[in-house]
Amino acid sequence: MLSYAMKRIMQLIVTMFGVVTLVFFAIRMIPGDPAAAMAGDNLSGAALEEFRRKLGLDAPLWEQYADYLLSVIRFDFGSTITTSLPIAGLMLKALPITLMVAGFTMLLAVLIAIPLGTVAAFLANKGKKKLDNAITWTAMIVDLMPAFWTALLLMLFLSLNLKLLPASGAVSFEDPSLMLKRIALPVVVLAVSQVATLARITRTAVLEVLNEDYVRTARSMGMSEMVVVFRHALKNAMLPIITIVGLSFGNLLNGTVIVEFIFSIPGIGTLLVYGINSRDYPLVQNVILFYAFVFVAINFITDMVYKKVDPRVQF
Amino acid sequence: MENGATAGTINRPAGKQASLTQPLLQVQDLHTHFFTESGTVKAVNGVSFELQRGERLAVVGESGSGKSAMAMSLIQLIAYPGKLVSGSIRLDGKELVGLGEPELNKLRGSAIGTVFQDPMSSLDPVMRVEDQMIQPIRMHLKLGQKEARKHAVDLLTRVGIPDADNRISAYPFEMSGGMRQRVMIAMALSCRPKLILADEPTTALDVTIQAQIVELLKTMTETTGSAMMFITHDLGLVARFAQKVAVMYAGKIVESGTVGEIFSSPKHPYTQSLLKTIPSVSGEKRRRLLQIQGLPPDMKLHITGCSYKERCPAASERCYTDAPELMPREGGQSAACWLKNGLMTEGYESITTLLSQGEKPEAKEGWNRIPLNGSVSEQPDSPGDDNVVLRITDLHKHFKKASLLPWKKGAEIRAVGGISLKLQRGETMGIVGESGCGKSTTARMLLGLDEPTSGRIEINGSIQIVFQDPYSSFNPKMKISDIIAEPLHVRKIGTKEERLRRVRELIKKVGLDLSYLSRYPSQLSGGQRQRVGVARALALDPSIVVADEPTSALDVSVRAQIINLLCDLKEEMGLSFVFISHDLSTVRYISDTIAVMYLGEIVEYGPAEEIFVHPAHPYTKALLAAVPVPDPMIEGERTIEQLRGELPSPANPPAGCAFSSRCPHVTAKCTERKPPLRGYLERREVACHAVS
């Protein structure tokens, strides 16, 4: 296990290095003068030169690259251009909120989707096609609804008509119950499409396992359907499910950008939208870097869990 | 064995003693149907039989005859869309049909244990053996965790798993196929069943392991007093193992009786023919294998009259209108045939002899060679050239597995460790050995699919292959004509018309109708597909055809057809074959010379008949002894010297002679020095210190 983790971490470092390099050069490939683009119409002539020097853009490219690499290694992400606040501080403040939204979403999705998909698979295996079809088709239709649309729909019903949950507002950790209420709607919106995808994947995975020989063996030993489905089938079906959960966690971060914006939640997504709107390149660059890191980290965690569930996994 | 009392012997309450005279299992008019979208498949269509306590019953039949569906019906584990429609199953007098799932679950695994065919897939891969074993034991025997574990360890020891106390914590993937099947058997026995269902329990195993497992099942049923229903298509196993036999055809039992009766005087034409279709490892070599014509009926259609009538040479008008029931004959035997003695009825004897000629291809008009431009198959016909078409010199193949971590050393597996062979024109060489002996790697190197590590392969002409599994070796989206023409297409040989002519010629050659050319592989039966496989191999007019287990995925009656076809082609076209198989009886039937391989090396080589009649190497002897002979008389008299243990890992072969770890005659010399392949008698070679 340890040597497996070591190998994975080695790969992770290589991947992150690639991401940093890519982000650095991608930003510099944007046509035009970054300094001018960042400053907009405010500066010209000598002031722009000064600004360029301040950003370190006058140095040769390789020097800039080396500087950038070193600063990333030191976790020095610099400051935003527009507000001059340290980017690290901004991200640290926004991060827990986004992670909490994403985490709750995933938890909710997993708790609903896996039992639902398992039940659908069980029904299909027993030839109860109508119930299975009802679940599968509902999941498919829900899956097709875009997040911004579900968000508006839920806002309309739950907040405006029923007045159950606040539609938007600031989030702070000082009042946990209020905070939970605030993020409830975004979590539900994000979870809806996650549930749909995950339930269908679970159904397929469990159904396949239920036709395996070892499930027949368990049944031939007199194991009840509960034991067969949950101990044998689901455990084996977890392998593809884990992969999908890992991948959809990444997709979820994409989803948070829109949903945080719609519900005005001050998370990483909102930070990104702000950065783009105000042409704050260092901010955008670092948020992208952060997203990339989360993707890589989640892949690593997925691999570790995978190895834990399936003893056959070898590297 | 001390733990025998706790682990296996039956300690049933004395109250049940009164019922000891009645049969253990009574099945009456059982019907199991599969309601598929394209129609109802009547897989089990009125089966009745009885099984006595402690008795071993073999159920024999081709695939699709309903034998597995019947066994699964007994524990009512029929996969959707299958359903037990009607009938009665009484175990110890208790009716099982109509019981609810909870009651059935109390019987499954406790009163009835089951062993399945494929040990590789029948154990949960992500669960330790102990977790899989202990839970049923706790449930059925009401034992605590500790006692249950002890019971499981005892059982594993009894089925021959060394160091069971530790091995019980292993995952299935850490065990070999034979070991896994032992675990399966231990599981089936774990709750002291009265009845064990074994569905082809040794089919997926090597012969030497098969022999071990069969012996194990035999002793286990004898010591525990469990009865056993044993499903198989291998008549040799039946002769070795069973006391009673039931032959199934098209969802019905067509003949039943004691093993002696069935083998010495079969009464049903199907049984009679079946016994003639199998090549034998011992006794006289039959000239040509009998083959049963046609295919089993489509079970979706209603069958009027006898289900075997289309394939039966003795079918009369009555057979087309009236279905014969299972009727008692002499002794305990019964058969479902209007004729008292089936094909052996007076006036019909000649039919079997007629049949045994088979459908020798009528096309005797010779083999037209199309002038192929740019062909690779133009053989130097100069008479001065000797007749050797294939020469292998000191062939090696080592697989290296490098480790990703720089400080770890990679492993090296010697799949083929230096073999030398020669094949004459028109000669068939059989390569036999257990899985992992390197025979398939050798085939891959012959075809250039693998690069040899060292050594030389010289081929005079070209070489083609017939694959093992006709179900997966064709592109399902291609028509048969395109499949056969593909090699010509790839080599850009001939015009479109020429290719088509060639394909037509080839398909006739392999005994198929021209109408098959426009079909897809899924529309053909296994035997027909394998014929297409042969046709494809012949498309480029090769001088050598490598046949890698070409019959192992086929049913017995179809197997005979393919073997006959290959023999005919060999005679007519002067083809040379390299025939790779673990099925020794088939190899013997088809081969002129035989190479026995063990751990990547040839241990014995020589003319097939000599080797089969007088094997010299201890491994060859053990292999031949392990193959069951389809004759209960011979099987009854044989004392089988079983091979201990399993094939050692090719990554870590024993020092000295590779076979030393399993050899019954091993001496100190064997573990020190490797015996070279030396000449023996006139035309043979053997690698053994004890043989000279």
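List of remarks:
To keep it simple, each residue is scored yes or no on (1) more than 8 Å from chain A (Cβ to nearest Cβ); (2) closer than 17 Å to B:ILE161 by Cβ.
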{"residue": "B:ARG108", "(1), (2)": "no, no"}
{"residue": "B:VAL115", "(1), (2)": "yes, yes"}
{"residue": "B:ASP118", "(1), (2)": "no, no"}
{"residue": "B:LEU123", "(1), (2)": "no, yes"}
{"residue": "B:VAL126", "(1), (2)": "no, no"}
{"residue": "B:ILE134", "(1), (2)": "yes, yes"}
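- Lone qualifier among B:GLN17, B:GLN26, B:GLN76 - being modelled with pLDDT under 90 and polar (S, T, N, Q): B:GLN17
- Segment A:220-249, residues that are over 18 Å from the mean Cα position of the chain (by Cα), away from chain B (no Cβ under 11 Å) and open to solvent by less than 20 Å² (accessible area, probe 1.4 Å): A:VAL229
Residue-by-condition table, conditions (1) modelled with pLDDT of 85 or more; (2) more than 13 Å from the chain's Cα centre (by Cα):
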{"residue": "A:VAL273", "(1), (2)": "yes, yes"}
{"residue": "A:ASN277", "(1), (2)": "no, yes"}
{"residue": "A:PRO282", "(1), (2)": "no, yes"}
{"residue": "A:GLN285", "(1), (2)": "no, yes"}
{"residue": "A:VAL294", "(1), (2)": "yes, no"}
{"residue": "A:ASN299", "(1), (2)": "yes, no"}
{"residue": "A:MET304", "(1), (2)": "yes, yes"}
{"residue": "A:VAL313", "(1), (2)": "no, yes"}
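- Test for B:LYS83: is it open to solvent by 50 Å² or more (accessible area, probe 1.4 Å), farther than 18 Å from B:GLN26 by Cβ and either more than 14 Å from chain A (Cβ to nearest Cβ) or touching a residue at least 40 places away in the same chain (Cβ under 8 Å) (or both): yes
- Residue match in segment A:23-30 (condition: more than 14 Å from chain B (Cβ to nearest Cβ), more than 22 Å from the chain's Cα centre (by Cα), surrounded by 14 or more Cβ atoms within 10 Å (Cβ to Cβ) and at pLDDT 75 or above): yes
- Every residue from segment B:647-660 that is under 20 Å from B:LYS621 (Cα atoms) and crowded, with 20+ Cβ neighbours inside 10 Å: B:LEU647, B:CYS657, B:ALA658, B:PHE659, B:SER660
- A:GLY255 satisfies every condition listed in (1) within 30 Å of B:MET72 (Cβ to Cβ); (2) more than 10 Å from chain B (Cβ to nearest Cβ) except (1).
- Candidates are the residues of segment B:165-179 that are among the small types (Gly, Ala, Ser) and modelled with pLDDT under 90; the one that is farthest from the chain's Cα centre (by Cα) is B:SER176.
- For segment B:632-648, the set of residues classified as touching a residue at least 40 places away in the same chain (Cβ under 8 Å) and within 23 Å of B:MET597 (Cβ to Cβ) consists of B:ILE640, B:GLN642, B:LEU643, B:GLU646, B:LEU647, B:PRO648, listed by residue number.
- Inside segment B:242-279, residues that are under 19 Å from the mean Cα position of the chain (by Cα) and of a type in the set (D, E, K, R) make up a count of 1.
- Count of residues meeting criterion [under 23 Å from the mean Cα position of the chain (by Cα), within 26 Å of B:GLY87 (Cα to Cα) and open to solvent by less than 10 Å² (accessible area, probe 1.4 Å)] in segment B:213-241: 5
- Here A:GLY117, A:GLY127, A:GLY103 are screened, and the one residue that is surrounded by 13 or more Cβ atoms within 10 Å (Cβ to Cβ) and in a loop (DSSP other than H, G, I, E, B) is A:GLY127.
- Checking each residue in segment B:157-181 for being of a type in the set (Ser, Thr, Tyr) and either within 14 Å of chain A (Cβ to nearest Cβ) or surrounded by fewer than 17 Cβ atoms within 10 Å (Cβ to Cβ) (or both) picks out B:SER169, B:TYR171.
- Some residue of segment B:586-602 being outside any helix (DSSP H, G or I), among the aliphatic types (A, V, I, L, M), out of contact with any helix residue (DSSP H, G or I) (no Cβ under 8 Å at 6 or more places or on another chain) and open to solvent by 10 Å² or more (accessible area, probe 1.4 Å): yes
- Test result for B:VAL629, in contact (Cβ under 8 Å) with a residue 40 or more places away in the chain, aliphatic (A, V, I, L, M) and in a loop (DSSP other than H, G, I, E, B): yes
- Residues that are touching an Asp or Glu at 6+ places or on another chain (Cβ under 9 Å), closer than 13 Å to A:ARG203 by Cα and without any contact (Cβ under 8 Å) to a residue 24 or more places away in the chain do not occur anywhere in segment A:102-115.
- Hey, A:PHE300 within 16 Å of A:VAL19 (Cβ to Cβ), open to solvent by 40 Å² or more (accessible area, probe 1.4 Å), away from every other protein chain (no Cβ under 14 Å) and in contact with a Lys or Arg (Cβ under 9 Å, 6 or more places away or on another chain) or not: yes
- Of the criteria (1) more than 11 Å from chain B (Cβ to nearest Cβ); (2) touching a His at 6+ places or on another chain (Cβ under 9 Å), which one A:GLU212 fails: (1)
- Out of B:ILE253, B:ILE278, sole residue that is modelled with pLDDT of 85 or more and open to solvent by 10 Å² or more (accessible area, probe 1.4 Å): B:ILE253
- Under the condition of being open to solvent by 10 Å² or more (accessible area, probe 1.4 Å), within 30 Å of B:VAL587 (Cβ to Cβ) and within 14 Å of another protein chain (Cβ to nearest Cβ), the residues counted in segment B:183-212 number 4.
- Matching entry among A:VAL313, A:VAL215 (being in a helix (DSSP H, G or I) and among the β-branched types (Val, Ile, Thr)): A:VAL215
The values are calculated or read from the model by the stated rules, or taken from the named source; none is laboratory data. As the structure is a computational prediction, the values presented were derived from the model and not from experiment. Glycine gets a Cβ as well: all are built from the backbone with ideal geometry, and neighbour counts include every protein chain shown. Only protein heavy atoms, including side chains, enter the accessible area calculation; ligands, DNA and RNA are left aside. Shrake-Rupley method; radii C 1.70, N 1.55, O 1.52, S 1.80 Å.
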